[in-house]
């Protein structure tokens, strides 16, 4: 038995890289689908369908319903208001690229919007895994990059990559933009970044990362000759990176601008986005509010600072330094974006997916097969926790449920 297993693994090791990556990703998604189906058997009364739904109904809930609404009916021309004149939940919180693609696929194939969105999400997730492997190969060996894909594919919230959410499409575009960045193909990254900015709100941290990278490359280029190491950027590459930085910043404003243009309200997007948090946007403050709620008035104030300190120390570790300046800057800027604008709650776990370059760092912590296998198994077990706790609906005493 052990010899047959070894022979099978040896044969799989001779497959082309894309087949190995595809096999890893598809097996991970089958495992997640099994967890979804098992959880669906225990799903009781909920706002969307009868108890014990099938797999396809079970994955088409929560934000998937909003994307389906956009794909079918588009966006409202006026913001819906309650009796007090406050903006209510509406489709402007959900970026357009994903539902527009779903509507186009439905028009071409006749599939219902929910099915079209599911197909796009699954295909985009597979594409994201492929591009992520190519990204990881710039920084690590084939084996380490494959283990990075294992961690990417089994991460506790990775089941969201196979449901009708925009995460998989956004990760495909983000990984592509980062890969082009590593290759110094800055102008080729421009259309990718613009599309990324229409899939999910990752434009602001990407623009910040590109701007900081430009400053670093300018310092490398103009510092005294005796301090220079390796091949720096040419002036043409610097101009291209500057152009990408400007486009990224403009791209981050495109979706709020479209919401303003259609509704006539300059704050249409931010007003809609903050409906779910129940108060206006105040940078950084929600982290302290949540800290006080969880840990009390003293530790709650200290908790965000402690979190930043721990994250900073992680960024200084050897496995993370192996990612290189571009990927580390991305992780730092994205985490800074979350700290500035995110209201921390149960959806925060899902918001961590764009930190996917850290999957490679996790694989580089040790070459031990036992360590890597245990991490992957732990991730799968935590998928069960995420799906049962957050995806499945269980009404809270005060009404509603925690969102995934």
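Along the Cα-to-Cβ line of residue 27, 7 Å from the Cα, sits a label point; which residues in segment 354-372 have backbone N less than 18 Å from it? 363, 368-372, by backbone N distance to the label point.
The stretch between residue 321 and residue 377 holds 17.6 nm of extra length on full extension. This uses 0.36 nm per residue minus the Cα-Cα distance.
Model label sites at residue 311 and residue 235, defined 7 Å from Cα along the beta-carbon direction, differ in position by 3.9 nm. Between segment 233-312 and segment 119-167, the C-alpha centres lie 25 angstrom from each other. The distance linking segment 12-39 with segment 73-92 is 40 Å (Cα centroid to Cα centroid, whole angstrom). At q = 0.06, 0.07, 0.08, 0.10 Å⁻¹, what is the base-10 log of I(q)/I(0) for the chain according to the Debye formula with one equal point scatterer per Cα and no solvent? Please give it to two decimals. Evaluating at q = 0.06, 0.07, 0.08, 0.10 Å⁻¹ gives log10 I(q)/I(0) of -0.26, -0.35, -0.46, -0.74. Taking 0.36 nm per residue of sequence separation and removing the Cα-Cα distance, the residue 19/residue 187 pair yields an extension gain of 57.5 nm.
Over the residues of the chain, the helix contribution to mean residue ellipticity at 222 nm works out to -21000 deg cm²/dmol, using -39500 (n - 2.57) for each DSSP H run of at least 4.
Most fluctuating residue of 180, 108, 97 in a GNM of the chain with Cα springs under 10 Å: which is it? The residue that fluctuates most here is 108.
Across the chain, C-alpha contacts under 8 Å between residues 6 or more apart give a mean separation that, scaled by the residue count, equals a relative contact order of 20 percent.
Quick note: the coordinates plus some simple rules give every number you see, no bench work behind them. From a predicted model like this one, the values you see are computed outputs, not experimental measurements. Cβ coordinates were reconstructed from backbone atoms using ideal geometry, including for glycine residues, and neighbour counts include every protein chain displayed.
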